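K.L.:
Dumping the structure here so I can ask a few things about it.
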Amino acid sequence: MAVYTEVTDEALSAFLALYDIGTLTAFRGIAEGVENSNYALKTSAGDFILTLYEKRVNKEDLPYFLGLMEHLRARGLTCPQPVRARDGRNLQELAGKMAAITTFLPGVWPRHVRLEHCEPLGAALARLHLAGQGFAMTRRNGLGPDAWGALLDKCLPQADSVLGGLGTELQGWLARILADWPQGLPVGQIHADLFPDNVFFLEGKLSGLIDFYFACTDILAYDIAVCLNAWCFETHAELNVSRSMALLRGYQSVRPLADAEIAALPVLARGAALRFLLTRLYDWLNTPEGALVTRKDPLDYYRRLRFHFAVSGAGAYGL
């Protein structure tokens, strides 16, 4: 989450008049994240999140994102519920951007990932994958393998300013990952960005999943690879095998993995690490000055990627 677009008091008042959610009592920007402009919204009816869609978000994808949240919520997954305005729509315009209000989920995301977070995470991810079955809409992964080359090309002119030789190294890694990318694995609706700041815990239990604006229709096990990268590494890019074992144990307690999915985990983990390395590198080089946003160091994922290229099989992750 972040703030790129400022909302005036007058514009906000006119926007909220479209909804039946009470009167405004508090409103503030949320600085975390890098994609959309987000605000915490409190009214006499409760707490909500207001999102203005920016940057990489295609307006044509918004019905998919909001519809998926409604579908998952209806099937028992705890995630934000889009709020429909008086005209029945869950999308409106604010400050020249498409915008939506969603319900607020109680809980706190783990600033320091611990072992006890990982098994519930794995189980929740598997429940998401099962709950997504039957959702009629699909969405191509706009940051999947076929997008990585173009994104790298945009970064190459300045990549070596971050680390000497980085551009050439990334070109070589990309070619190897694409050559090995698996085919024929189970596909469905995935979150694609389930980092710790998108998972809430309350009183020691997982209380909900948020931020579905990278969700898409893709390889289910790729979602596991994203989580392995995001949850199971120590500060210096050392894999915490206890965490990865717990994550995978939790996932398989709900949806057992096929042998082909297990065999593909190393290359999927390489691809997930490269995807986040590239988007972080692009944002590191291109975030506008003055934006209320937290940039993230791309070299964290450079080190993870080096680890994944050093492993020979899924046993390295505890399977």
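FYI, it's all coordinate maths here, none of it is from the lab. Predicted model, so just to flag it, every value in this text is computed and none were measured. Here the Cβ positions follow ideal geometry from the backbone for every residue, glycine too, while neighbour counts run over all protein chains shown.
K.L.:
Principal axis extents for segment 112-245, Cα atoms only, whole Å, descending order, please.
P.N.:
For segment 112-245, the Cα extents along the three principal axes come out at 46, 39, 24 Å.
K.L.:
Can you give the relative contact order of segment 9-103 as a percent, counting alpha carbon pairs under 8 Å and 6+ residues apart?
P.N.:
On the way: 144 pairs, mean separation 25.0, N = 95.
So the answer I get is 26 percent.
K.L.:
So, by mean Cβ neighbours within 10 angstrom, what's the order for 140-150, 91-101 with the highest one leading? Let's see the in-between values first.
P.N.:
Working: 140-150: 15.1, 91-101: 17.7.
Answer by packing, highest mean first, reads 91-101, 140-150.
K.L.:
Right, next: How much of the DSSP beta bridge set in the chain is antiparallel, as a percent to the nearest 5? Please report the intermediate quantities before stating the final value.
P.N.:
Working: 32 of 33 bridges.
Expressed as a percentage, antiparallel bridges in the chain total about 95.
K.L.:
Work out the charge dipole of the chain with +1 on the Cβ of Lys and Arg and -1 on the Cβ of Asp and Glu about the Cα centre, then indicate which of Ile21, Gly96, Leu77 is farthest towards its positive end.
P.N.:
Most positive-ward Cα: Leu77.
K.L.:
Still on this structure, I have one more. Treating the angle as unsigned and between 0 and 90°, give the value, to the nearest 10°, between the Cα long axis of helix 145-159 and the longest Cα principal axis of the chain.
P.N.:
Helix 145-159 sits at roughly 90 degrees to that axis.
K.L.:
State the extension gain, in nm to one decimal, for the chain segment bounded by Glu116 and Lys154, taking 0.36 nm per residue of separation less the distance between their alpha-carbons. Show your work: numbers first, answer last.
P.N.:
On the way: separation 38, 0.36 × 38 = 13.68 nm, distance 3.93 nm.
So the extension gain works out to 9.8 nm.
K.L.:
List the relative contact order of segment 115-317 as a percent without decimals, with contacts defined as Cα pairs under 8 Å and 6+ residues apart.
P.N.:
Numbers: 273 pairs, mean separation 59.0, N = 203.
Across segment 115-317, relative contact order equals 29 percent.
K.L.:
Please give the helix 166-180 orientation as an angle from the longest Cα principal axis of the chain, in degrees from 0 to 90, rounded to the nearest 10.
P.N.:
Once rounded, one gets 80 degrees.
K.L.:
Please work out the Kirkwood hydrodynamic radius for the chain, using every pair of different C-alpha atoms, and report it in angstroms with one decimal place. The partial results should precede the final answer.
P.N.:
Values: mean 1/r = 0.0491 Å⁻¹.
Result for the chain, one decimal place: 20.4 Å.
K.L.:
With r defined as the distance between the Cβ atoms of Val311 and Ala263 and R0 fixed at 22 Å, what FRET efficiency is calculated, to the nearest 0.05? Provide the component values of the computation, followed by the final result.
P.N.:
Details: r = 12 Å, r/R0 = 0.56.
The pair Val311/Ala263 has a calculated efficiency of 0.95.
K.L.:
What does the helix-only formula give at 222 nm for the chain: each DSSP H stretch with n ≥ 4 adding -39500 (n - 2.57), the total divided by the residues, and the result rounded to the nearest 500 deg cm²/dmol?
P.N.:
Values: 9 runs with 134 residues, N = 319.
Calculated at 222 nm, the ellipticity per residue is -13500 deg cm²/dmol.
K.L.:
Tell me which of Phe200, Leu248, Cys232 sits at the most positive position along the dipole axis of the chain, charges placed on C-beta atoms (Lys, Arg +1; Asp, Glu -1).
P.N.:
Projecting each Cα onto the dipole axis, the largest value belongs to Leu248.
K.L.:
Can you tell me the order of 223-230, 57-64, 123-130 when each peptide is scored by its average per-residue count of other Cβ atoms within 10 angstrom, highest first?
P.N.:
223-230, 123-130, 57-64
K.L.:
Please provide three numbers in whole Å: the alpha-carbon extents of segment 9-103 along the principal axes, with the largest listed first.
P.N.:
Here the Cα extents, ordered largest to smallest, are 33, 29, 27 Å.
K.L.:
A follow-up question, please. In whole Hz and in residue order, list the ³J(HN,Hα) couplings for segment 186-201 that follow from phi through the Karplus curve 6.51 cos²θ - 1.76 cosθ + 1.60, θ = phi - 60°; x for Gly and Pro.
P.N.:
Coupling constants for segment 186-201: x, 10, x, 7, 10, 6, 6, 7, 8, 7, x, 6, 10, 10, 9, 10 Hz.
K.L.:
For segment 54-129, what is the Kirkwood estimate of the hydrodynamic radius, computed as the reciprocal of the mean inverse distance between distinct Cα atoms, to one decimal in Å?
P.N.:
Numbers: mean 1/r = 0.0683 Å⁻¹.
After inverting the mean inverse Cα-Cα distance, the result is 14.6 Å.
K.L.:
Angle between the Cα long axis of helix 299-310 and the longest principal axis of the chain, 0 to 90 degrees, nearest 10?
P.N.:
40
K.L.:
Tell me the net charge near Glu261. Cut-off is 12 Å between Cβ atoms, Glu261 excluded, with +1 for each Lys or Arg and -1 for each Asp or Glu. Write down the numbers at each step before the final one.
P.N.:
On the way: positive: Arg255; negative: Asp223, Asp259.
Summing Lys/Arg as +1 and Asp/Glu as -1 gives -1.
K.L.:
Could you give the size of the charge dipole of segment 115-317 about its Cα centre, using +1 on the Cβ of each K and R and -1 on the Cβ of each D and E, expressed in debye and rounded to the nearest 20?
P.N.:
Values: 17 positive and 21 negative charges, 46 e Å.
Once rounded to the nearest 20, the dipole reads 220 debye.
K.L.:
What's the FRET efficiency of Glu169 with Ser13 using the Cβ-Cβ distance as r and R₀ = 35 Å, to the nearest 0.05?
P.N.:
Numbers: r = 52 Å, r/R0 = 1.47.
My answer for the efficiency is 0.10.
K.L.:
How much FRET efficiency would the formula 1/(1 + (r/R0)^6) give for Gln183 and Gln252, where r is the Cβ-Cβ distance and R0 is 30 Å, rounded to 0.05? Display every interim value, and only then the final one.
P.N.:
Details: r = 22 Å, r/R0 = 0.75.
Once the sixth-power term is evaluated, E becomes 0.85.
K.L.:
What nm distance separates the two modelled labels at Glu6 and Thr25, each placed 7 Å from Cα along Cα→Cβ?
P.N.:
Calculated label separation equals 2.7 nm.
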